[in-house]
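The values are calculated or read from the model by the stated rules, or taken from the named source; none is laboratory data. Quick caveat, the model's predicted, so the values are computed rather than measured. Note that each Cβ is placed from the backbone with ideal geometry, even for glycine, and that neighbours are counted across all protein chains shown. Side chains included, ligands, DNA and RNA excluded: accessible areas come from the protein's heavy atoms. Shrake-Rupley method; radii C 1.70, N 1.55, O 1.52, S 1.80 Å.
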Amino acid sequence: DDSFYEEDEVFYVKLSSNVSSVVIDPSSASTNMSITNDDTVILGFAQSNYYTSEDDMSVTICAKLMFGELKTSLMAQIFIQSGTAVLSEDFKPDASVQQITFTSGQSSSSKNNTQCIDIPIVDDSIYEGPVNETFTVLLQAMDSKASVQPSSATVSIMDNDSENEFGFAKSSYVTTEGEGPLQVCAVLISGTLVADSTFTVTTTDGTAVSPDDYTALVSQQLTFTSG
């Protein structure tokens with residue numbers, strides 16, 4: 001009774017005699033004996049949380065042999081699922097399901113007890129807020145005798161883009177009384193909008209007084225559209 005995770009094994013028992021008068025039926029002269037493996041291994045993610053930045057370009061996810069020793073190969077699958085970070089928009093794995101293989105001889109106590117995949121991260125120019133976007137990876141062994149714990153991990157992507165900055169196109173405007181309406185412009189100074197942004201513009205009297213010198217703006221709406 002060893003402690004190795006291995007395939008079910010077979011050995012053979014053969015009946016023979018050195019007495020010539022003994023007749024053995026060839027159809028029942030041998031039999032197969034099967035030994036069912038009762039040992040298990042435990043796989044799991046090396047970390048329950050992974051952190052990366054958009055400009056890291058990729059994140060490495062590792063599954064680890066947590067317990068046991070292999071005398072045969074063991075395959076597992078890593079499933080990659082969107083969260084607030086969206087597949088193909090924020091990260092682009094080669095496939096949403098990827099296969100890894102632990103090889104014979106690997107054990108939980110050995111230095112080479114991990115199998116890893118790299119998931120490319122999209123470095124966009126869109127400000128996505130102060131809260132990290134996340135996606136999930138799930139680990140599943142392809143043999144029911146192998147346990148998985150922990151079976152899931154969260155990947156957090158830190159945004160490297162600046163917050164959208166708005167302002168007036170000029171710090172001061174000059175006009176004369178006879179020129180008619182004065183056009184004042186607001187601009188997106190930096191960033192890329194992923195949603196419409198609406199602002200309210202109001203005027204405040206200085207030495208020029210409304211309504212004698214100008215027509216006041218009260219809650220005038222300006223909307224910048226996404227994209």
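Observations, loosely collected:
- Residues that are of a type in the set (A, V, I, L, M) and within 26 Å of Lys71 (Cα to Cα), drawn from the stretch 98-136: Ile100, Ile117
- Residues of the stretch 62-78 that turn out to be among the β-branched types (Val, Ile, Thr) and open to solvent by 10 Å² or more (accessible area, probe 1.4 Å), as a count: 1
Residues checked against (1) aromatic (Phe, Trp, Tyr); (2) in a loop (DSSP other than H, G, I, E, B):
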| position | (1), (2) |
| --- | --- |
| Leu43 | no, no |
| Phe79 | yes, no |
| Thr101 | no, no |
| Gly105 | no, yes |
| Asn112 | no, yes |
| Thr134 | no, no |
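- Looking at Ile35, Ile42, just one residue is modelled with pLDDT of 70 or more and either of a type outside the set (Gly, Ala, Ser) or on the phi > 0 side of the Ramachandran plot (or both), and that residue is Ile42.
- Restricting attention to the stretch 155-182, the residues being open to solvent by 100 Å² or more (accessible area, probe 1.4 Å), within 51 Å of the chain's Cα centre (by Cα) and at pLDDT below 90 number 1.
- Test: Asp143 is part of a loop (DSSP other than H, G, I, E, B), of a type in the set (D, E, K, R) and more than 48 Å from the chain's Cα centre (by Cα): no
- Selection from the stretch 206-227 of residues that are open to solvent by less than 90 Å² (accessible area, probe 1.4 Å) and either small (Gly, Ala, Ser) or closer than 16 Å to Glu177 by Cα (or both): Gly206, Ala208, Val209, Ser210, Tyr214, Ala216, Ser219, Ser226
- Residue, modelled with the highest pLDDT, within the stretch 9-30, restricted to residues that are surrounded by 10 or more Cβ atoms within 10 Å (Cβ to Cβ) and not hydrophobic (A, V, I, L, M, F, W, C): Ser30
- Taken over the stretch 95-127, the criterion of being under 23 Å from Ile157 (Cα atoms) and buried (at least 19 other Cβ atoms within 10 Å of the Cβ) is satisfied by Gln115, Ile117, Ile119, Ile121.
- Listed by first and then second residue, the pairs with beta-carbon distance under 8 Å, at least 6 apart or on different chains, first residue in the stretch 72-99 and charged (D, E, K, R), second surrounded by fewer than 17 Cβ atoms within 10 Å (Cβ to Cβ) and not in a loop (DSSP other than H, G, I, E, B), are Lys92/Pro120.
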